[in-house]
Amino acid sequence: MSTIQRNMSLTGDAPAALNALQKVATILGMMGVLILVLAVFNFDFPNKTLWLTIALSEITLGIILFAKGAYGNSLEGIKNHGVWFKSISSRGYLAWISGIALTGFYIILYFFPQYIGLVEGGPNKGLVALFDPLSYMLSGNPASQWFVYGTLYTIAIFAFGIKFFWKYRHNRYEKIRTVSVMFFQTAFAFLIPEFMARLNDDNFNLPYYDLKNIWPLNYYNFEQYRVDDFINAGNLGLGLLIFGVVSILVITPILTYKYGKRWYCSWVCGCGGLAETAGDPFRHLSDKSQSAWKIERWVVHSVLVFVVVMTTAVIATYLGYDSEKYWFTKDIFLFSVGALLTIIFGLIWFFKRDELKKDARYGAIGYLAIILVLIGIHYFGKANLFLFEAETLRSSYGFLIGAIFSGVIGTGFYPIFGNRVWCRFGCPMAAILGLQQRLFSKFRITTNGGQCISCGNCSVYCEMGIDVRAYAQKGENIVRASCVGCGICSAVCPRGVLKLENGPMHGRIDGNEILLGNDVDLMTLVNQKNHS
């Protein structure tokens with residue numbers, strides 16, 4: 001029998017004790033975790049296939065049953081579920097313990113995989129050995145720490161995706177979006193790369209390739225060894241390499257123009273998939289302050305500048321200066337990159353400088369920095385100056401951004417900083433898609449200010465730190481580079497104020513034109529727009 005929630009406050013009621021189903025689910029899930037912990041300490045399981053199946057099944061079933069106990073018997077709709085009263089979701093001691101444990105796991109995964117049983121050139125031990133049977137079945141190779149991580153990552157998105165289903169079952173958009181991220185993670189990020197590895201032999205080798213990872217997210221895709229493997233793999237490898245280039249120059253801009261960055265960040269990306277499913281209980285922890293917004297813009301676009309410079313330097317190492325041997329020399333390549341960036345920047349500055357205002361000046365700083373580094377690569381690259389070596393740039397980026405930011409901080413500290421720290425502050429893919437969304441995308445969130453009751457649900461649940469309520473109160477359309485189009489602001493709005501749309505801005509009222517009700521004759525404004 002469903003009960004009526006009479007408390008309509010933002011925080012909701014304090015959470016009741018776990019019900020019987022949730023207690024059973026907790027015990028079941030912890031039993032599965034215990035098997036994995038025992039494996040870390042080299043407990044010798046006689047039948048690894050059986051015990052791995054039991055462990056992963058118990059963890060998955062435990063999460064699903066816990067979600068069933070939490071949401072299965074309640075009415076549809078968002079009730080906040082006492083998020084600010086729970087230790088795990090209000091930066092309490094459980095949140096800190098979870099954050100430290102996850103961070104420790106990521107540090108071991110990236111830097112000390114031998115502590116979980118990885119043995120280079122020999123039989124694995126511990127936790128990694130427990131996953132060997134599954135790895136042999138899929139790819140024909142022994143497990144690595146990344147296979148262990150990928151398996152657990154996929155299970156997390158699947159199991160917490162079911163939880164997400166129950167919580168947001170009143171919203172069709174959220175259900176379809178969740179199916180999408182579950183599919184792309186399972187198929188494109190986990191299974192297909194493993195199947196591709198099974199094709200490899202002494203005469204044929206494809207590098208590990210997550211087909212949905214596009215530059216600049218897969219900054220490593222144009223390194224020498226990967227390019228060589230793609231070319232040596234014949235038509236299939238060459239096709240994958242061409243697909244990667246076409247994705248950058250053609251597919252990504254077209255999809256972003258039509259649907260905004262949500263097509264990738266909220267429907268396809270594995271980082272976004274984990275943030276939306278496993279990270280959903282922590283979305284309200286994102287910093288909504290203006291200072292955080294300023295830091296976000298500087299940091300994420302600095303990362304984008306870094307990855308552009310690094311990729312250019314890596315590709316430049318393949319090329320020489322002797323024009324008699326090759327027509328496409330290093331100088332021509334660097335000039336081409338500079339010319340392309342100049343054309344892009346010039347078009348943005350000419351057509352969008354009034355809209356971007358201060359952001360246009362920030363863009364000029366980034367453009368200038370890249371051009372100066374290109375000049376540095378040209379003049380100092382011959383002397384192998386340390387700062388302009390491709391390997392130095394790549395290793396620095398891989399350590400600082402690829403490992404520390406995206407893994408250790410970005411995911412490990414979900415319970416402290418919120419679920420989209422990496423996407424918001426560090427992801428170069430989010431940065432470049434955000435620029436495209438801000439400049440020419442048809443996607444926006446429209447608002448009906450007359451219906452807004454200023455409850456604040458939309459702002460609290462925005463994982464990207466956007467003050468959605470400020471837009472809604474003015475009836476202003478939301479067109480922000482950082483918005484990932486997750487749609488949660490619309491899903492938690494009790495009045496239907498917010499709507500995700502793809503379409504032109506022509507004829508719509510701009511909230512900046514209506515600061516107060518007496519500032520303008522609304523009917524006159526509407527008629528002017530209709531006739532313009």
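Here are some notes:
- Over all distinct Cα-Cα pairs of segment 112-213, the Kirkwood formula returns a hydrodynamic radius of 15.1 Å.
- Between Leu249 and Asn235, the modelled labels are 2.3 nm apart [label points 7 Å from Cα along Cα→Cβ].
- Our estimate of slack between Lys48 and Asn502, defined as 0.36 nm per intervening residue step minus the Cα-Cα distance, is 158.4 nm.
- Amide H partners (placed H, <5 Å) of Lys499, local residues excluded: Thr446
- Pairs of alpha carbons in segment 1-198 whose separation is greater than 29 Å (percent): 33 percent
- For segment 237-282, the fraction of alpha-carbon pairs lying more than 16 Å apart is 52 percent, rounded to a whole number.
- Backbone HN-Hα couplings from phi across segment 431-448 [Karplus 6.51/-1.76/1.60, Hz, Gly and Pro as x]: 5, 6, 5, x, 4, 5, 5, 5, 8, 9, 6, 7, 7, 7, 9, 8, 10, 10
- Given R0 = 35 Å, the distance between the Cβ atoms of Arg91 and Asn205 translates into a calculated FRET efficiency of 0.15.
- Gain upon complete extension [Asp287, Tyr115; 0.36 nm per residue less C-alpha separation]: 58.4 nm
- Label-to-label distance, Phe195 versus Lys23, with points set 7 angstrom from Cα along the beta-carbon direction: 4.5 nm.
- Among the listed pairs Lys23/Lys68; Lys86/Lys288; Lys163/Lys499; Lys79/Lys288, those beyond 18 Å (Cα-Cα): Lys86/Lys288; Lys163/Lys499; Lys79/Lys288
- Protection-proxy order for peptides 150-162, 271-283, 20-32, each taking the mean of Cβ atoms within 10 Å per residue, highest first: 271-283, 150-162, 20-32
No value in this document is a laboratory result; all are computed from the given coordinates. These numbers come from a predicted model, not from an experiment. Neighbour counts run over all protein chains shown; Cβ positions are idealised from the backbone, glycine included.
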